[in-house]
Amino acid sequence: MSSRKRVCRAGAAALALLLGAGLEAQAPQVPATAARDLFVTVGKSLVVESPVVIQRVSVADGKVAEAVAVTPREVLVNGVEAGETSLVIWQQGGNRILFDLHVRPSTLRVDAVRQELKRELAGQDVTIELEGANVFVRGAVKDLVSAERALAIAGTLGKPVNLLNVKVPPVEDQILLKVRFANVDRVATSDLGANLFSTGALNTPGSITTQQFSGPKLDVQGRTAQFTLSDALNVFLFRPDLNLGTTIRALQSKRLLEMLAEPNLLAINGKPASFLAGGEFPVPVVQSGVGGAGTVTIQWREFGVRINFLPAVTPRGTVRLQVTPEVSSLDYANAVSLSGFTVPAISTRRVQTEIELESGQSFAIAGLMDNRVIDNLSKIPGLGDIPLLGKLFQSRSRSKNNTELLVMVTPEVVRPIAAGQPQPAVKFPVEFVQGAPTTPPRTPGLGDTGPVPVRPPQETVPYEQLQQKPVQPQTSTPTLYIPVAIPSQAPSSGTPSTGGQPSPRPQE
(Lines give C-alpha, C1' and ligand atoms only; values in the text may rest on other atoms or scores of the structure.)
Protein backbone atom coordinates (compact mmCIF):
# COMPACT_ATOMS: atom_id res chain seq x y z
CA MET A 1 0.00 0.00 0.00
CA SER A 2 2.74 2.38 0.79
CA SER A 3 4.58 1.61 -2.48
CA ARG A 4 1.47 2.53 -4.51
CA LYS A 5 1.12 5.84 -2.71
CA ARG A 6 4.71 6.64 -3.41
CA VAL A 7 4.28 5.88 -7.14
CA CYS A 8 1.14 8.10 -7.36
CA ARG A 9 2.86 10.93 -5.62
CA ALA A 10 5.87 10.71 -7.92
CA GLY A 11 3.61 10.66 -11.01
CA ALA A 12 1.67 13.68 -9.84
CA ALA A 13 4.88 15.58 -9.23
CA ALA A 14 6.19 14.70 -12.67
CA LEU A 15 2.92 15.81 -14.32
CA ALA A 16 2.99 19.15 -12.50
CA LEU A 17 6.58 19.68 -13.57
CA LEU A 18 5.70 19.02 -17.20
CA LEU A 19 2.68 21.36 -17.13
CA GLY A 20 4.73 24.13 -15.54
CA ALA A 21 7.42 23.70 -18.14
CA GLY A 22 4.80 23.88 -20.89
CA LEU A 23 3.24 27.08 -19.48
CA GLU A 24 6.62 28.76 -19.24
CA ALA A 25 7.37 27.85 -22.81
CA GLN A 26 4.10 29.43 -24.04
CA ALA A 27 4.39 32.77 -22.02
CA PRO A 28 6.21 35.62 -23.96
CA GLN A 29 9.27 37.23 -22.46
CA VAL A 30 8.88 41.03 -21.66
CA PRO A 31 12.26 42.70 -21.70
CA ALA A 32 12.82 45.44 -19.11
CA THR A 33 13.96 48.36 -21.31
CA ALA A 34 14.83 51.86 -19.95
CA ALA A 35 13.11 55.03 -21.19
CA ARG A 36 14.67 56.68 -24.20
CA ASP A 37 14.86 60.43 -24.92
CA LEU A 38 12.80 61.69 -27.82
CA PHE A 39 12.92 65.32 -28.98
CA VAL A 40 10.43 67.16 -31.13
CA THR A 41 9.82 70.87 -31.86
CA VAL A 42 6.55 72.68 -31.31
CA GLY A 43 4.56 72.71 -34.54
CA LYS A 44 6.55 69.85 -36.08
CA SER A 45 6.11 66.05 -36.33
CA LEU A 46 8.25 62.99 -35.77
CA VAL A 47 7.71 59.41 -37.05
CA VAL A 48 8.50 56.51 -34.72
CA GLU A 49 8.94 53.16 -36.53
CA SER A 50 8.65 49.69 -34.96
CA PRO A 51 9.84 46.37 -36.44
CA VAL A 52 6.91 44.68 -34.70
CA VAL A 53 3.23 45.44 -35.14
CA ILE A 54 2.10 48.16 -32.72
CA GLN A 55 -0.99 47.35 -30.69
CA ARG A 56 -1.46 50.55 -28.58
CA VAL A 57 0.05 54.02 -28.06
CA SER A 58 -0.35 56.38 -25.06
CA VAL A 59 0.79 59.98 -24.32
CA ALA A 60 0.75 61.12 -20.68
CA ASP A 61 -0.04 64.81 -21.35
CA GLY A 62 -2.11 65.52 -24.42
CA LYS A 63 -1.54 69.27 -24.10
CA VAL A 64 2.17 68.83 -24.78
CA ALA A 65 2.10 66.29 -27.65
CA GLU A 66 -0.20 63.93 -29.50
CA ALA A 67 0.46 60.47 -31.03
CA VAL A 68 -1.35 59.23 -34.16
CA ALA A 69 -1.01 55.64 -35.49
CA VAL A 70 -0.36 55.98 -39.23
CA THR A 71 0.40 52.34 -40.11
CA PRO A 72 0.54 49.18 -37.96
CA ARG A 73 4.26 49.84 -37.53
CA GLU A 74 4.48 53.66 -37.58
CA VAL A 75 3.40 56.31 -35.07
CA LEU A 76 3.30 60.07 -35.87
CA VAL A 77 4.21 62.30 -32.88
CA ASN A 78 3.14 65.98 -33.11
CA GLY A 79 4.61 68.69 -30.86
CA VAL A 80 1.81 70.86 -29.46
CA GLU A 81 3.28 72.86 -26.58
CA ALA A 82 6.72 73.19 -25.02
CA GLY A 83 7.14 70.78 -22.15
CA GLU A 84 7.92 67.20 -21.21
CA THR A 85 5.77 64.08 -21.15
CA SER A 86 5.95 60.29 -21.57
CA LEU A 87 5.22 58.19 -24.66
CA VAL A 88 4.49 54.44 -24.28
CA ILE A 89 4.21 52.01 -27.24
CA TRP A 90 2.91 48.45 -26.79
CA GLN A 91 4.12 45.98 -29.44
CA GLN A 92 2.58 42.70 -30.45
CA GLY A 93 3.84 39.97 -28.16
CA GLY A 94 3.65 42.13 -25.00
CA ASN A 95 6.81 44.19 -25.41
CA ARG A 96 6.70 47.86 -24.27
CA ILE A 97 8.83 50.77 -25.40
CA LEU A 98 9.10 53.89 -23.16
CA PHE A 99 10.11 57.36 -24.36
CA ASP A 100 10.79 60.59 -22.44
CA LEU A 101 9.28 63.01 -24.93
CA HIS A 102 10.78 66.54 -24.88
CA VAL A 103 8.84 69.13 -26.83
CA ARG A 104 11.06 72.11 -27.49
CA PRO A 105 9.84 75.53 -28.60
CA SER A 106 10.44 76.63 -32.11
CA THR A 107 13.88 78.12 -32.60
CA LEU A 108 12.46 80.57 -35.09
CA ARG A 109 10.24 82.17 -32.44
CA VAL A 110 13.08 82.23 -29.92
CA ASP A 111 15.42 83.86 -32.44
CA ALA A 112 12.74 86.40 -33.34
CA VAL A 113 12.22 87.29 -29.68
CA ARG A 114 15.95 87.66 -29.12
CA GLN A 115 16.23 89.95 -32.13
CA GLU A 116 13.34 92.02 -30.80
CA LEU A 117 15.00 92.32 -27.39
CA LYS A 118 18.25 93.38 -29.01
CA ARG A 119 16.50 96.00 -31.10
CA GLU A 120 14.27 97.46 -28.36
CA LEU A 121 16.88 97.32 -25.58
CA ALA A 122 19.94 98.43 -27.46
CA GLY A 123 23.07 98.52 -25.34
CA GLN A 124 21.50 96.51 -22.51
CA ASP A 125 22.45 92.97 -21.63
CA VAL A 126 19.26 90.86 -21.61
CA THR A 127 19.19 87.11 -22.26
CA ILE A 128 16.38 84.54 -22.22
CA GLU A 129 16.41 80.82 -21.49
CA LEU A 130 13.51 78.42 -21.98
CA GLU A 131 12.76 75.66 -19.52
CA GLY A 132 9.49 74.04 -20.44
CA ALA A 133 6.70 76.61 -20.35
CA ASN A 134 8.80 79.13 -18.38
CA VAL A 135 11.04 81.81 -19.85
CA PHE A 136 13.87 82.93 -17.57
CA VAL A 137 14.85 86.54 -18.30
CA ARG A 138 18.29 87.55 -17.04
CA GLY A 139 20.54 90.56 -17.41
CA ALA A 140 20.76 94.21 -16.37
CA VAL A 141 18.57 97.07 -17.57
CA LYS A 142 18.77 100.81 -16.96
CA ASP A 143 15.30 101.46 -15.52
CA LEU A 144 11.94 99.91 -14.67
CA VAL A 145 10.44 100.82 -18.04
CA SER A 146 13.09 98.76 -19.84
CA ALA A 147 12.51 95.85 -17.44
CA GLU A 148 8.77 95.86 -18.07
CA ARG A 149 9.34 96.02 -21.81
CA ALA A 150 11.73 93.05 -21.69
CA LEU A 151 9.22 90.99 -19.71
CA ALA A 152 6.43 91.86 -22.15
CA ILE A 153 8.53 90.73 -25.12
CA ALA A 154 9.69 87.51 -23.42
CA GLY A 155 6.10 86.76 -22.35
CA THR A 156 5.25 85.87 -25.96
CA LEU A 157 7.16 82.59 -25.50
CA GLY A 158 5.60 81.58 -22.18
CA LYS A 159 5.42 82.62 -18.57
CA PRO A 160 8.31 85.04 -17.92
CA VAL A 161 10.39 84.71 -14.76
CA ASN A 162 11.91 88.06 -13.84
CA LEU A 163 15.60 87.66 -12.92
CA LEU A 164 16.63 91.11 -14.15
CA ASN A 165 18.75 93.60 -12.27
CA VAL A 166 17.91 97.30 -12.51
CA LYS A 167 20.56 99.96 -12.21
CA VAL A 168 20.28 102.26 -9.23
CA PRO A 169 18.13 105.22 -10.35
CA PRO A 170 19.56 108.75 -10.14
CA VAL A 171 18.43 111.30 -7.59
CA GLU A 172 14.88 112.53 -8.18
CA ASP A 173 14.45 116.05 -9.44
CA GLN A 174 13.49 118.60 -6.83
CA ILE A 175 11.28 121.53 -7.81
CA LEU A 176 11.36 124.87 -6.03
CA LEU A 177 8.11 126.80 -6.50
CA LYS A 178 8.26 130.54 -5.96
CA VAL A 179 4.83 132.07 -5.41
CA ARG A 180 4.24 135.80 -5.12
CA PHE A 181 1.04 137.19 -3.67
CA ALA A 182 0.48 140.93 -4.15
CA ASN A 183 -2.72 142.46 -2.80
CA VAL A 184 -3.60 146.17 -2.61
CA ASP A 185 -6.88 147.26 -1.04
CA ARG A 186 -7.92 150.93 -1.17
CA VAL A 187 -11.08 152.28 0.50
CA ALA A 188 -12.35 155.90 0.51
CA THR A 189 -15.56 156.89 2.31
CA SER A 190 -17.38 160.18 2.76
CA ASP A 191 -20.36 160.88 5.03
CA LEU A 192 -22.53 164.03 5.01
CA GLY A 193 -25.74 164.56 6.97
CA ALA A 194 -27.50 166.81 9.51
CA ASN A 195 -29.91 166.20 12.39
CA LEU A 196 -32.14 169.02 13.69
CA PHE A 197 -33.62 168.97 17.17
CA SER A 198 -35.41 171.33 19.53
CA THR A 199 -36.02 171.24 23.26
CA GLY A 200 -39.38 172.88 22.67
CA ALA A 201 -40.79 176.06 24.23
CA LEU A 202 -43.49 174.02 26.01
CA ASN A 203 -41.13 171.32 27.18
CA THR A 204 -42.05 169.16 24.16
CA PRO A 205 -38.79 168.18 22.46
CA GLY A 206 -38.68 167.26 18.76
CA SER A 207 -36.14 166.33 16.09
CA ILE A 208 -35.80 165.91 12.34
CA THR A 209 -33.46 163.14 11.18
CA THR A 210 -33.09 160.67 8.32
CA GLN A 211 -31.93 157.94 10.74
CA GLN A 212 -28.86 157.28 8.63
CA PHE A 213 -26.59 158.89 11.21
CA SER A 214 -27.63 158.76 14.81
CA GLY A 215 -28.45 162.15 16.41
CA PRO A 216 -28.29 163.24 20.04
CA LYS A 217 -30.59 161.80 22.64
CA LEU A 218 -32.60 164.44 24.51
CA ASP A 219 -33.69 164.29 28.11
CA VAL A 220 -35.75 167.38 29.01
CA GLN A 221 -36.83 167.82 32.63
CA GLY A 222 -38.34 171.20 33.37
CA ARG A 223 -36.03 173.88 32.10
CA THR A 224 -33.02 171.54 32.04
CA ALA A 225 -32.09 169.62 28.86
CA GLN A 226 -29.43 166.90 28.66
CA PHE A 227 -27.86 165.80 25.39
CA THR A 228 -26.16 162.43 24.85
CA LEU A 229 -24.02 162.03 21.72
CA SER A 230 -23.28 158.47 20.58
CA ASP A 231 -20.84 159.63 17.93
CA ALA A 232 -18.31 162.30 18.79
CA LEU A 233 -17.31 162.88 15.17
CA ASN A 234 -20.01 165.53 14.68
CA VAL A 235 -20.34 169.29 14.50
CA PHE A 236 -22.68 170.28 17.31
CA LEU A 237 -24.52 173.61 17.34
CA PHE A 238 -27.15 174.79 19.84
CA ARG A 239 -28.97 178.09 20.37
CA PRO A 240 -30.44 178.25 23.91
CA ASP A 241 -32.48 181.37 23.10
CA LEU A 242 -34.17 179.58 20.17
CA ASN A 243 -34.21 176.13 21.80
CA LEU A 244 -32.84 174.85 18.49
CA GLY A 245 -29.81 172.74 17.82
CA THR A 246 -28.22 170.64 15.11
CA THR A 247 -25.52 167.99 14.64
CA ILE A 248 -23.69 167.88 11.34
CA ARG A 249 -21.73 164.81 10.27
CA ALA A 250 -19.13 165.57 7.64
CA LEU A 251 -16.46 162.89 7.54
CA GLN A 252 -13.99 161.63 4.96
CA SER A 253 -11.75 158.60 5.52
CA LYS A 254 -9.21 156.67 3.47
CA ARG A 255 -7.73 153.26 4.04
CA LEU A 256 -4.84 151.53 2.30
CA LEU A 257 -3.86 147.90 2.80
CA GLU A 258 -0.88 146.32 1.09
CA MET A 259 -0.08 142.66 1.55
CA LEU A 260 2.84 140.89 -0.07
CA ALA A 261 3.85 137.28 0.53
CA GLU A 262 6.51 135.30 -1.31
CA PRO A 263 6.44 131.71 -0.02
CA ASN A 264 8.96 129.24 -1.47
CA LEU A 265 8.09 125.55 -1.48
CA LEU A 266 10.32 122.61 -2.29
CA ALA A 267 8.99 119.21 -3.38
CA ILE A 268 10.30 116.06 -5.03
CA ASN A 269 9.07 115.21 -8.49
CA GLY A 270 5.56 113.77 -8.24
CA LYS A 271 5.11 114.50 -4.51
CA PRO A 272 2.69 117.15 -3.17
CA ALA A 273 3.70 120.07 -0.97
CA SER A 274 1.76 122.72 0.94
CA PHE A 275 2.41 125.99 2.74
CA LEU A 276 0.36 128.09 5.17
CA ALA A 277 1.22 131.47 6.67
CA GLY A 278 -1.65 132.50 8.90
CA GLY A 279 -3.41 130.93 11.84
CA GLU A 280 -6.48 129.10 13.10
CA PHE A 281 -9.65 130.31 14.74
CA PRO A 282 -12.26 128.33 16.71
CA VAL A 283 -15.65 127.54 15.21
CA PRO A 284 -18.31 126.18 17.62
CA VAL A 285 -20.58 123.49 16.19
CA VAL A 286 -23.68 122.58 18.21
CA GLN A 287 -24.55 118.90 18.32
CA SER A 288 -27.91 117.96 19.79
CA GLY A 289 -28.07 115.29 22.47
CA VAL A 290 -30.62 113.24 24.36
CA GLY A 291 -33.20 115.05 26.46
CA GLY A 292 -32.58 118.49 25.00
CA ALA A 293 -28.97 118.64 26.27
CA GLY A 294 -26.35 119.29 23.65
CA THR A 295 -22.63 119.65 23.18
CA VAL A 296 -20.74 122.46 21.51
CA THR A 297 -17.79 121.09 19.58
CA ILE A 298 -14.96 123.51 18.86
CA GLN A 299 -13.33 122.98 15.50
CA TRP A 300 -10.35 124.92 14.26
CA ARG A 301 -10.33 126.46 10.79
CA GLU A 302 -7.24 127.76 9.05
CA PHE A 303 -6.84 131.11 7.32
CA GLY A 304 -4.03 133.12 5.80
CA VAL A 305 -1.82 132.64 2.75
CA ARG A 306 -1.93 129.01 1.59
CA ILE A 307 -0.45 127.21 -1.38
CA ASN A 308 -0.84 123.55 -2.41
CA PHE A 309 0.94 122.22 -5.46
CA LEU A 310 1.90 118.95 -7.14
CA PRO A 311 4.89 119.14 -9.53
CA ALA A 312 5.78 116.69 -12.30
CA VAL A 313 8.74 116.83 -14.66
CA THR A 314 7.60 115.83 -18.15
CA PRO A 315 9.74 113.94 -20.70
CA ARG A 316 10.07 117.25 -22.55
CA GLY A 317 11.96 118.70 -19.56
CA THR A 318 9.20 121.09 -18.57
CA VAL A 319 7.49 121.25 -15.18
CA ARG A 320 3.75 120.63 -15.00
CA LEU A 321 2.11 122.08 -11.91
CA GLN A 322 -1.22 121.50 -10.27
CA VAL A 323 -1.29 124.60 -8.07
CA THR A 324 -3.95 125.98 -5.71
CA PRO A 325 -3.04 129.33 -4.14
CA GLU A 326 -5.40 130.88 -1.61
CA VAL A 327 -5.59 134.14 0.35
CA SER A 328 -8.12 134.29 3.19
CA SER A 329 -8.77 136.69 6.06
CA LEU A 330 -11.25 137.03 8.92
CA ASP A 331 -14.36 139.06 8.19
CA TYR A 332 -16.05 140.30 11.38
CA ALA A 333 -18.55 142.37 9.43
CA ASN A 334 -20.39 139.16 8.53
CA ALA A 335 -19.76 137.38 11.84
CA VAL A 336 -22.33 135.10 13.46
CA SER A 337 -23.09 134.94 17.18
CA LEU A 338 -23.81 131.43 18.43
CA SER A 339 -24.18 130.41 22.08
CA GLY A 340 -22.22 133.42 23.24
CA PHE A 341 -19.47 132.90 20.66
CA THR A 342 -18.72 135.35 17.86
CA VAL A 343 -17.72 133.36 14.80
CA PRO A 344 -16.16 135.51 12.07
CA ALA A 345 -16.70 134.80 8.42
CA ILE A 346 -13.81 134.16 6.05
CA SER A 347 -13.07 136.27 3.01
CA THR A 348 -11.35 133.91 0.60
CA ARG A 349 -9.70 134.26 -2.79
CA ARG A 350 -8.69 130.93 -4.28
CA VAL A 351 -7.31 129.81 -7.61
CA GLN A 352 -7.03 126.20 -8.79
CA THR A 353 -5.34 125.55 -12.09
CA GLU A 354 -2.77 123.42 -13.93
CA ILE A 355 0.07 124.96 -15.90
CA GLU A 356 3.25 123.85 -17.66
CA LEU A 357 6.46 125.88 -17.53
CA GLU A 358 10.15 125.53 -18.14
CA SER A 359 12.53 125.95 -15.25
CA GLY A 360 12.75 129.64 -14.38
CA GLN A 361 9.71 130.76 -16.36
CA SER A 362 6.81 132.59 -14.69
CA PHE A 363 3.06 132.71 -15.08
CA ALA A 364 0.55 135.18 -13.67
CA ILE A 365 -2.16 132.65 -12.84
CA ALA A 366 -4.51 135.10 -11.09
CA GLY A 367 -5.16 138.78 -11.65
CA LEU A 368 -8.12 140.58 -10.15
CA MET A 369 -9.14 144.22 -10.15
CA ASP A 370 -12.32 144.94 -8.22
CA ASN A 371 -13.75 148.49 -8.22
CA ARG A 372 -16.91 149.19 -6.26
CA VAL A 373 -18.84 152.39 -5.50
CA ILE A 374 -21.61 152.28 -2.90
CA ASP A 375 -23.77 155.42 -2.51
CA ASN A 376 -26.51 155.59 0.13
CA LEU A 377 -28.84 158.63 0.05
CA SER A 378 -31.51 159.24 2.67
CA LYS A 379 -33.84 162.26 2.67
CA ILE A 380 -37.14 163.48 4.02
CA PRO A 381 -39.74 163.53 1.26
CA GLY A 382 -40.71 167.01 0.24
CA LEU A 383 -38.29 168.87 2.51
CA GLY A 384 -35.31 167.09 1.01
CA ASP A 385 -36.28 168.30 -2.49
CA ILE A 386 -36.18 172.01 -1.66
CA PRO A 387 -33.27 173.67 -3.45
CA LEU A 388 -30.34 174.52 -1.19
CA LEU A 389 -32.38 174.26 2.00
CA GLY A 390 -33.19 170.65 1.20
CA LYS A 391 -29.58 169.66 1.86
CA LEU A 392 -30.32 170.01 5.57
CA PHE A 393 -32.88 167.23 5.26
CA GLN A 394 -30.64 164.82 3.38
CA SER A 395 -27.93 162.35 4.44
CA ARG A 396 -25.42 160.82 2.06
CA SER A 397 -22.83 158.07 2.58
CA ARG A 398 -20.47 157.11 -0.24
CA SER A 399 -17.88 154.32 -0.20
CA LYS A 400 -15.35 153.51 -2.92
CA ASN A 401 -13.37 150.28 -2.87
CA ASN A 402 -10.49 149.36 -5.13
CA THR A 403 -8.84 145.96 -4.81
CA GLU A 404 -5.96 144.57 -6.87
CA LEU A 405 -4.71 140.99 -6.53
CA LEU A 406 -1.84 139.33 -8.38
CA VAL A 407 -0.54 135.77 -8.02
CA MET A 408 2.58 134.67 -9.91
CA VAL A 409 4.34 131.29 -9.85
CA THR A 410 7.88 130.41 -10.94
CA PRO A 411 9.14 126.80 -10.80
CA GLU A 412 12.83 125.94 -10.75
CA VAL A 413 14.62 122.59 -10.83
CA VAL A 414 17.19 122.87 -8.03
CA ARG A 415 19.85 120.83 -6.28
CA PRO A 416 20.77 120.85 -2.56
CA ILE A 417 23.62 122.95 -1.27
CA ALA A 418 26.86 121.00 -1.40
CA ALA A 419 28.64 120.12 1.81
CA GLY A 420 31.07 122.78 2.92
CA GLN A 421 29.41 125.55 0.91
CA PRO A 422 28.20 128.68 2.75
CA GLN A 423 24.55 128.54 3.66
CA PRO A 424 22.12 131.46 3.37
CA ALA A 425 21.46 133.29 6.63
CA VAL A 426 19.24 136.11 7.85
CA LYS A 427 21.03 139.45 8.09
CA PHE A 428 20.25 141.15 11.40
CA PRO A 429 20.50 144.96 11.44
CA VAL A 430 21.81 144.99 15.01
CA GLU A 431 24.19 142.54 16.64
CA PHE A 432 22.34 140.46 19.19
CA VAL A 433 24.94 139.84 21.87
CA GLN A 434 28.61 140.57 21.44
CA GLY A 435 30.68 137.41 21.55
CA ALA A 436 27.68 135.07 21.32
CA PRO A 437 28.13 131.88 19.25
CA THR A 438 26.98 132.16 15.66
CA THR A 439 26.33 128.47 15.04
CA PRO A 440 23.99 126.20 17.05
CA PRO A 441 25.40 123.15 18.83
CA ARG A 442 25.16 119.92 16.86
CA THR A 443 26.28 116.31 16.98
CA PRO A 444 29.66 115.75 15.25
CA GLY A 445 29.47 114.18 11.81
CA LEU A 446 31.03 110.97 10.53
CA GLY A 447 34.23 112.86 9.78
CA ASP A 448 34.80 113.24 13.55
CA THR A 449 33.14 110.15 15.00
CA GLY A 450 33.90 107.69 12.21
CA PRO A 451 31.38 105.27 10.73
CA VAL A 452 29.25 103.57 13.32
CA PRO A 453 28.23 100.04 12.26
CA VAL A 454 24.55 99.27 12.69
CA ARG A 455 23.87 95.65 13.57
CA PRO A 456 20.36 94.46 12.89
CA PRO A 457 18.71 92.26 15.52
CA GLN A 458 18.42 89.46 12.94
CA GLU A 459 20.24 88.68 9.72
CA THR A 460 17.20 87.91 7.56
CA VAL A 461 13.60 89.10 7.51
CA PRO A 462 10.55 87.78 5.62
CA TYR A 463 9.96 89.21 2.16
CA GLU A 464 6.49 90.43 3.14
CA GLN A 465 7.92 92.47 5.98
CA LEU A 466 10.10 94.48 3.61
CA GLN A 467 7.11 95.11 1.35
CA GLN A 468 5.04 96.61 4.15
CA LYS A 469 4.77 100.39 4.03
CA PRO A 470 5.16 102.40 7.23
CA VAL A 471 1.84 103.39 8.75
CA GLN A 472 1.33 107.15 8.61
CA PRO A 473 -0.01 108.66 11.84
CA GLN A 474 -3.50 110.02 11.45
CA THR A 475 -3.78 113.66 12.41
CA SER A 476 -7.14 114.74 13.71
CA THR A 477 -8.50 118.21 14.26
CA PRO A 478 -8.25 119.19 17.95
CA THR A 479 -11.73 119.16 19.42
CA LEU A 480 -12.99 120.78 22.61
CA TYR A 481 -16.34 119.68 24.04
CA ILE A 482 -18.34 122.18 26.08
CA PRO A 483 -21.67 121.03 27.56
CA VAL A 484 -24.49 123.44 26.87
CA ALA A 485 -28.23 123.29 27.45
CA ILE A 486 -30.39 123.75 24.36
CA PRO A 487 -33.85 125.08 25.28
CA SER A 488 -36.58 122.88 23.89
CA GLN A 489 -39.48 124.57 22.07
CA ALA A 490 -43.02 123.67 22.94
CA PRO A 491 -44.93 122.21 19.97
CA SER A 492 -47.41 124.59 18.47
CA SER A 493 -49.76 124.45 15.55
CA GLY A 494 -48.56 125.90 12.28
CA THR A 495 -45.14 127.35 11.73
CA PRO A 496 -43.33 128.26 14.96
CA SER A 497 -42.62 131.95 15.30
CA THR A 498 -39.05 133.11 15.70
CA GLY A 499 -39.82 136.77 16.32
CA GLY A 500 -39.06 137.74 12.73
CA GLN A 501 -35.35 136.94 13.14
CA PRO A 502 -33.69 133.95 11.46
CA SER A 503 -32.18 131.48 13.91
CA PRO A 504 -28.41 131.12 13.58
CA ARG A 505 -27.32 127.94 11.85
CA PRO A 506 -24.11 126.28 12.99
CA GLN A 507 -21.41 126.50 10.37
CA GLU A 508 -19.86 123.23 9.32
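Neighbours of Ala273, meaning other residues whose beta-carbon lies under 13 angstrom from its beta-carbon, give a summed charge of +3 when Lys and Arg score +1 and Asp and Glu score -1.
Cβ-Cβ distance of Thr156 and Ala182, R₀ of 56 Å, FRET efficiency by 1/(1 + (r/R0)^6): the value works out to about 0.40. In terms of accessible area, using a 1.4 Å probe and ignoring ligands and nucleic acids, Val52, Val305, Val426 rank largest first as Val426, Val52, Val305. Projecting label points 7 angstrom from Cα along Cα→Cβ for Thr460 and Ala69 puts them 5.3 nm apart. Give the calculated FRET efficiency between Phe136 and Asp448 to the nearest 0.05, with a Förster radius of 35 Å applied to their Cβ-Cβ distance. E between Phe136 and Asp448, to the nearest 0.05, is 0.10.
Label-to-label distance, Arg350 versus Leu383, with points set 7 angstrom from Cα along the beta-carbon direction: 5.1 nm. Within the shell of other residues whose beta carbon sits under 14 angstrom from the beta carbon of Val126, the net charge comes to +1, with Lys and Arg scored +1 and Asp and Glu -1.
Under 5 Å between amide H atoms, partner at least 5 residues away or on a different chain: which partners does Asp61 have, H built in plane at 1.01 Å? Residues meeting the amide H criterion: Ser86. Taking 19 Å as the straight-line reach from the Cα of Lys271, the aspartates and glutamates in range (excluding those fewer than 8 positions away in the same chain) are Glu172, Asp173, Glu354, Glu356, Glu358, Glu412. Of the trypsin sites (Lys or Arg not before Pro) in the range 104-188, the ones in a loop by DSSP (not H, G, I, E or B) with at most 14 other beta carbons within 10 Å are Lys142, Lys167.
Of the residues Val414, Ser337, Ser395, the one whose Cα sits farthest toward the positive end of the charge dipole of the range 309-430, with +1 on the Cβ of Lys and Arg and -1 on the Cβ of Asp and Glu, is Ser395.
For Ala34 and Lys167, a Förster radius of 41 Å and the Cβ-Cβ distance give a FRET efficiency of 0.25, rounded to the nearest 0.05. Taking Lys and Arg as +1 and Asp and Glu as -1, the other residues whose beta-carbon sits under 10 Å from that of Asn401 total +2. Name the shape class, rounded, prolate or oblate, that the alpha-carbon gyration tensor gives for the range 127-188, where a ≥ b ≥ c are the square roots of its eigenvalues, rounded holds for a/c under 1.5, and otherwise prolate holds if a/b is larger than b/c and oblate otherwise. Verdict is prolate for the range 127-188. Annotation for Leu98 and Arg119: the two label points, set 7 Å from Cα along the Cα-Cβ direction, are 4.6 nm apart. Do any trypsin sites (Lys or Arg not before Pro) in the range 291-399 lie in a loop, going by DSSP, with at most 15 other beta-carbon atoms within 10 Å of their beta carbon, and if so which? Listed in order of number, the matching sites are Arg316.
The values are calculated or read from the model by the stated rules, or taken from the named source; none is laboratory data. On a predicted model such as this, the values are computed, not experimentally measured, just so you know. For neighbour counting, all protein chains shown are included, and Cβ atoms are generated from backbone atoms with ideal geometry for every residue, glycine included. The area values use the complete protein model at the heavy-atom level, side chains included, leaving out ligands, DNA and RNA. Shrake-Rupley method; radii C 1.70, N 1.55, O 1.52, S 1.80 Å.
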